[in-house]
Amino acid sequence: MKKYLLILTINLTIICVSSNSNAEYRITDLDKADITRVEVYLNGLKSLRSKFVQLSSDGSFAEGNIYIERPNRMRLDYTQPPNIQVYADGFWLAHVDTELGSVSRIPLKLTPATFLVRERLRLDGDLMVQHVTRDARTLSLEVVRKDEPKAGKYVITLSDKPLALRKWVVTDAQGIRTSVTLISPEYNVIIPKEVFIFDEPISEIQ
């Protein structure tokens, strides 16, 4: 699957963080309060429309538009490269190459995209927060799967006061970090249903 699915495909994008650093960190009462605030905020985020910029530590660059409507709907239209689209429809995550006329699918639940589009998010359920980082303007949470806490991480960053989703970062099995930064995001806006529908190309790769 193409590298532009780095932000979405859990088998390629997740790598464990240093076990020593996580072992030394302890969630504080302030962390717990911030985790609860973020959970409430994300559960209140019903839709998102934004431009995005994607940068990877291997030097690659991509950009485009992202649309999210919870639960389970998402679309990424890449303008660079212009032939790539990604859709989530509730069960599948589809990677579309309009130049080749092909589609590749993987189960949505196996990807970090499920974190963004699931109907209700619990950060003390199958997911858990291992680390909280703050600066003057932002709040970042390092999230892992509770059943496999050493299998990897997914870091989300929000601007604080008020909270607003701004960025997420994943790291692949080769140690390549890929960050996705939202540009001029719009939250809880009406997105036409046809945005999440695409015509099947003639050929398809399962």
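The values are calculated or read from the model by the stated rules, or taken from the named source; none is laboratory data. Since the structure is predicted, the reported quantities are computational estimates derived from the model, not experimental observations. With ideal geometry, Cβ positions are generated from the backbone for all residues, glycine too; neighbour counts draw on all protein chains shown.
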> Arg122 is checked against (1) closer than 15 Å to Leu45 by Cβ; (2) buried (at least 19 other Cβ atoms within 10 Å of the Cβ) and fails just one. What number does that condition carry?
Replying inline: (2)
> Can Ser140 be described as of a type in the set (Gly, Ala, Ser), more than 19 Å from Tyr41 (Cα to Cα) and either in contact with a Leu (Cβ under 6 Å, 6 or more places away or on another chain) or at pLDDT 90 or above (or both)?
Replying inline: no
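Which residue, of Ile176, Ile156, Ile183, is closer than 28 Å to Tyr78 by Cα, surrounded by fewer than 17 Cβ atoms within 10 Å (Cβ to Cβ) and either modelled with pLDDT under 95 or not hydroxyl-bearing (Ser, Thr, Tyr) (or both)?
Details: Ile176 fails: surrounded by fewer than 17 Cβ atoms within 10 Å (Cβ to Cβ); Ile156 fails: surrounded by fewer than 17 Cβ atoms within 10 Å (Cβ to Cβ).
Every option except Ile183 fails the conditions.
Of all residues in the range 82-102 being farther than 15 Å from Phe196 by Cα and in contact (Cβ under 8 Å) with a residue 40 or more places away in the chain, which is surrounded by the fewest Cβ atoms within 10 Å (Cβ to Cβ)? Spell out how you get there, then give the answer.
Taking the range 82-102 as the starting set, the residues that turn out to be farther than 15 Å from Phe196 by Cα are 82-83, 97-102.
Next, only the ones that are in contact (Cβ under 8 Å) with a residue 40 or more places away in the chain stay: 97-98, 100-102.
Details: Asp97: 18, Thr98: 15, Leu100: 11, Gly101: 13, Ser102: 14.
Once the filter is applied, the top-ranked residue is Leu100.
Do the conditions hold for Val132, that is, is it of a type in the set (Val, Ile, Thr), part of a strand (DSSP E or B) and at pLDDT below 95?
No, not satisfied.
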> Just wondering, is there one or more residues in the range 48-55 that are modelled with pLDDT under 95, surrounded by 14 or more Cβ atoms within 10 Å (Cβ to Cβ), under 25 Å from Ile183 (Cβ atoms) and of a type in the set (Lys, Arg)?
Replying inline: no
> What number of residues within the range 89-121 satisfy the criterion of being within 15 Å of the chain's Cα centre (by Cα), of a type in the set (Lys, Arg) and either part of a strand (DSSP E or B) or at pLDDT below 85 (or both)?
Replying inline: 1
> For Thr79, all conditions in the list (1) surrounded by fewer than 14 Cβ atoms within 10 Å (Cβ to Cβ); (2) in a strand (DSSP E or B); (3) under 16 Å from the mean Cα position of the chain (by Cα); (4) not basic (Lys, Arg) hold save one; what is the number of the exception?
Replying inline: (3)
>> Please count how many residues of the range 135-146 are farther than 11 Å from Leu158 by Cα, in a loop (DSSP other than H, G, I, E, B) and in contact (Cβ under 8 Å) with a residue 12 or more places away in the chain.
In response: 1
